[in-house]
Amino acid sequence: MTLCCTCCIALSQNAFEAPAHLYEFNIECPMYKCDISGKITDSTLLVAPPNAKFTLVEMLATQYIIRFTLLPNSRKVIAPLYSKDDFTTYTYFIITKAQLDFKASSIKRSNLNLLVGNIFTPIKLRFKPFDFAKDISVGTTFGAKYSFTENQTTSVDALIAIGITSLRIDSAASLKKVDDAADILSFTSSIGMVLEFGNAQLGVFLGLDLISNSNQQKYEWTYKNKPWISFGIGYSLFSFNVKQ
C-alpha cells in the first residue's frame, strides 16, 4: 500500500547475488548420497573436499540435505573417487548438523550486486514552464545495489535507464499553436537512485526526452533539452524480484 506518492515509478529488477544458504567446507567431511527427502540411496561413504561449496536444501531433525554448487579446480573426493558430474547436477547428499557446525562456514553475501530490469514511468514533473506530464516511458534499467546490512534490508540502488516515451504535444507544450494534440515518440535516458529500508522505499529519477529534428521543427516542443524528474515515497513502491 503506497503511503505517499507525488510521482509513480514502477521497477522490476533482477539482482545477481550469492544464495542465502550457501556454505563452504573448511575440512574434509564424510557424507552419503540421498534423495530430496533425505533417504540414503547409496551406502558408500563419500568424503567432500575442503573448499567445496554447497547449498542447504532441507533441514531435518538432526541432519541436513545439501547440494553442491561450485567446486575448486583442485577438488579431490576420497574413497571412492566420485564423478565430477554428480557434483554439477541435482545430486543430493546428507550430513549431520554437528558436521555443518564444525566443518563448514557460511559464505556471506556481497554488499555490492548488479541490477538489470525494466522501468515504467507514467508521470513526470517538467519545468520552465512547470507541468505534470502524463508522458509514459518504458525502458530498460541497469546499475548497482549496495547493501548496508548483512541481511540486505537497507540498501541504495544507483541506476541508469534508457527507453521510449510517448509524448503528448498540445498548445501548452509547443511554441506554436497546435489545433489538434499529437502523440509522438521520443528517446529517453535517465539516471536514478532508490533507497530501501525494509519495504519502505524512496526513489528519484532525472531524465531527458529527445525527439526527432523533424518533429521539433514541426511543433517547436517547449521542453527540448529540459530535464524532467519523477520520484516517490511509499511502502513497496518499487518492486524488486531477486534472482538467486
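The values are calculated or read from the model by the stated rules, or taken from the named source; none is laboratory data. Small disclaimer: the values here were computed from a predicted structure and weren't measured. Backbone-built Cβ (ideal geometry, glycine too); neighbour counts: all protein chains shown.
Checked against (1) assigned to a strand (DSSP E or B); (2) out of contact with any His (no Cβ under 7 Å at 6 or more places or on another chain), P50 passes all but condition (1). For region 35-69, a residue qualifies if it is over 15 Å from K103 (Cβ atoms), hydrophobic (A, V, I, L, M, F, W, C) and surrounded by 15 or more Cβ atoms within 10 Å (Cβ to Cβ), and the qualifying residues are V57, I65. Cβ separations smaller than 9 Å between residues 6+ apart or across chains give the following pairs from region 204-228 residues that are at positive phi and surrounded by fewer than 17 Cβ atoms within 10 Å (Cβ to Cβ) to residues that are of a type outside the set (G, A, S) and modelled with pLDDT under 90: E220/L175; E220/K176.
Tell me whether region 159-171 contains one or more residues that are over 26 Å from the mean Cα position of the chain (by Cα), farther than 27 Å from T141 by Cα and either in the same structural domain as V138 (by TED's automatic domain parsing) or in a helix (DSSP H, G or I) (or both).
Taking every residue of region 159-171 in turn, at least one turns out to be over 26 Å from the mean Cα position of the chain (by Cα), farther than 27 Å from T141 by Cα and either in the same structural domain as V138 (by TED's automatic domain parsing) or in a helix (DSSP H, G or I) (or both).
Quick one: would you say T140 is modelled with pLDDT of 85 or more, crowded, with 19+ Cβ neighbours inside 10 Å and not in a loop (DSSP other than H, G, I, E, B)? No; evaluated as a whole, the condition is false for this residue.
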